[in-house]
1. To the nearest 10 degrees, how steep is helix C:6-17 against the longest Cα principal axis of chain C, on a 0 to 90 scale?
2. Report the accessible surface area buried between chains B and A, summing both sides, using a 1.4 Å probe on protein heavy atoms only, in Å² rounded to the nearest 100.
3. For region B:133-195, give the percent of accessible area contributed by carbon and sulfur heavy atoms, probe 1.4 Å, rounded to a whole number.
4. Give me the angle, in degrees from 0 to 90, between the Cα long axis of helix C:39-49 and the longest principal axis of the Cα atoms of chain C, rounded to the nearest 10.
5. Once the Cβ-Cβ distance between residue A:201 and residue C:35 is put in as r, and R0 is 51 Å, what FRET efficiency do you end up with, to the nearest 0.05?
6. What share of the DSSP beta bridges in the protein assembly as shown is antiparallel, in percent to the nearest 5?
7. With a 1.4 Å probe, how much accessible area is buried between chains C and B, both sides summed, in Å² to the nearest hundred?
8. If ligands, DNA and RNA are left out, what is the accessible area of residue B:290 with a 1.4 Å probe, given in Å² to the nearest 10?
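The values are calculated or read from the model by the stated rules, or taken from the named source; none is laboratory data. Note that the structure is predicted; figures quoted are calculated from it, not measured. Counting neighbours? That spans all protein chains shown, and the Cβs are built from the backbone with ideal geometry, glycine included. All accessible areas refer to the heavy atoms of the entire protein, side chains included, with ligands and DNA or RNA removed. Shrake-Rupley method; radii C 1.70, N 1.55, O 1.52, S 1.80 Å.
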Amino acid sequence: MQVGLFIPCYIDQLYPQVGMATVEILERLQIDIRFCEAQICCGQPMANTGCNDDAAPLARDFLKNFADDQYVVSPSGSCVAMVRHHYDHLLPDNADLPALKSKTFELCEFLTDVVQVEQFDHAFPHQVGLHQSCHGLRELRMGSCSERVEPAFSKVRQLLAKLDGIRFSELRRQDECCGFGGTFAVNEESVSCLMGLDRIADHESAGTEVLTAADMSCLMHLQGLIRRQKKNMKVMHVAEILAGYPAE
Amino acid sequence: MHAIEHAKEAKEFIESRGRATWHDSALWFVRAKRDKAAQSLPEWEILRETASQIKQHTASRLADYLEKFEANATRLGATVHWAATADEHNRIVMEILQKHGAKKVVKSKSMLTEECHLNPDLEAAGIEVVDTDLGERIVQLRQEPPSHIVLPAIHIKKAEVGEVFHQHLGTDAGADDPDYLTEAARQHLREKFCAADAGITGVNFAVAETGEFVVCTNEGNADLGTSLPPVHIACMGIEKLIPRQKDLGVFLRLLARSATGQPITTYSSHFRGPRSGCELHIILVDNGRSSILGREDFRRSLNCIRCGACMNTCPVYRRSGGHSYGTTVPGPIGSILAPARDPGQHHSLPFACSLCGSCTDVCPVKIDLHHQLLTMRGEVKKAGHLPALKRWGMWAMGIVLRRNWLYGFLGSVGRKLLPLIPRPLIYNRMNMWGRQRELPQTPAKSFRQLYRERYGRK
Amino acid sequence: MVANNKSDRTAILNAIRQHEVSDVELPDLNADWIEYDSPLEQFVQSLESVGGRVVRLESLDQLGQELEKLDSFATAKVRCSLVAGQGSPTFELNQVDDPHDLEDIDFALLSAELGVAENGAVWMTDDGVRHRAVFFIAQHLGVLLSASQIVSNLHQAYQRLESSTAFGLFMSGPSKTADIEQSLVIGAHGARSLTLFLLP
């Protein structure tokens, strides 16, 4: 099995350990990894601002950079959702797009659906608050949504539950948005921060020690608020936990 | 008119008025009731899909169904009018009222008449128009627009209702008990109902095959308001049509459950022609709807049955209040409808959204709301209404993110410099991220550097 | 009669017809809609949850004495009944010309054709009812329904309706509002109470 790793720009620059954790998880599963250095960004910031003309060249780059990979895996639900659901608008009638879309996976869904991981060999004896990032949830359907009438499931939680000693926080609002939303975080700063603070309060009262998610962007926003408020809550990307990094 | 800046209005609601958390909880409570009601039906998702198909089918032959509805309603004794614009709608209403010498009108909740700004036109002609839905009466007495399409006074605290009732209805000063205030409104509005010369209602659903239409309320105000006076004027957008009577079963099951978590509204009245000796007028209004029908990306917004569920679930709406949108219909659906009509005036609304997608999943007629909001951002940009900073910022970002050397250079310089800059210079007034949040701590090396160190270039 | 604003009519219909809208088939509505083991029990539960009250009768003969037990009936000065021979009316609805004369009705006894288990609604029409205001203007309502006329869901209800009357409605419990800080208040503009008398 071969995987082309997609490490989104902000993870590359700001959270390299999340990328390395992803590499280590895949390596342990004996997956052949390729990291194409030409890659930078999926184009989401531009597309989400309505600047499709600026985003389209990045989508074309993406297609080219991952053309030869069997799978494309990324530790970011939001960027994968961009490829799977929004490249159609940027690359209309592109013959290579369907193949790219069907081989591109968010890390956790790749682990549950393709690799079908059965166990991890380490423990994580902490109470974890799982933030259900919206794009993973409502674009990629990596879990059931509180709005819909469907059987309850969560691919991320299903993976984390394989770690010994892990406990989960039960939240009052199980899947409300954290308020990051890309440029929304600065355009609508007041609403964005209030949304984030409300999420954090929910996790605090549920007893969360480690706040995690499959999207580092949500966590960047939440961590920014937590650090400003000097709260005692650790923030880790789910890849770091699955790779066995300690909660220090 | 100045363009609406949602972010500014939202900030005001949150920071100056301190209402956001209270408002958020009130609406989340409604959302939770809706969840419970939806969960009570195993077929919920099938119902949503069915409703969506019925609406899309109707849209695909809307002109035929409108003609069929007109013929059947006329056969039942109603008079059917057509209004291409809001002005024409108001003119028709006025003409009917003047023909009957009507001076006093009772009106039940109708977002369409809000959209057409009917009340000011009637009042200018010396006609008293009383909104009879309790929430609408409260906002009318306060001389402000509704802030929600189903819960018009959701932004108002009971003490404030007490104040306005004390002033206008003579309730005891300081009284704020909802039972007491509702009873006072009941007495006050009974007088209005009994004195009315005509009743105006909206329409929830109109049935092409029978010519009937349905109006849903919990209070009974549409019903009381049309069963006493000799004239009933029903105002409906052309998208309210459904083909068959049995389709009502689908929509009435979804509407109240989605709106308030009730299994059905208290009153679902089916009007099939005028009362004996009375007149029934139905006004079919376009006012921009046919143009939305022609835009494939936004057509499904015409599925909307005005349940308000997208507002109740929207984390932005809940924390910014309906008035921050500056439109008749606020929230996610309003942020599509308003800029579809006037992108210059409403360009900030599609950006008043974190793209969380909750609205899409809650919508009983499966409007792909958050995708339409995203598409609308592109339309705003194409129409030249994107603020320059955003526009050029994204252009520059596009340049950097396509040039590996530049991206790598800026990244490494940034990571080295940032820790050296004194904090006050970073956390300045221009840094919206840093107003309430810390910036991420900058690592010494990027992922690609670490990867290269470990594996070399491969 | 069709009103005279022909130009708007033509403009709207033309504006719609100039758009090619992809065809979607009209669904047939034959899905597995919810069916309750006991529609009757579900109906009672639904109606009570929306503020209604249910009184079970063994036969119509019991109606009079059960009505007398109701404060709203016993203290009513003006009563009106749409059930022949029942409800000791003081007011003959079909004898008055002006619906405004219904203003003082304290209690009205109505008859429902159908009950819907999933939402506690009853279907009533203005068949033989001169003033539909009676459904909304009376301070309190009693509604007579036969248990055999209860269906599980609204789809079944619509299958049984005949649309021959000028007015029909589903009424689910008494009038209510929650427009003041989401506090539920029973008795907004319509009936302050609804008591359903259930015949076997």
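1. That helix lies at roughly 70 degrees to the long axis.
2. 6800 Å²
3. Accessible surface attributable to carbon and sulfur in region B:133-195 totals 45 percent.
4. Helix C:39-49 sits at roughly 90 degrees to that axis.
5. 0.75
6. Percentage antiparallel, nearest 5: 25.
7. 7300 Å²
8. Surface open to solvent at residue B:290 totals about 10 Å².
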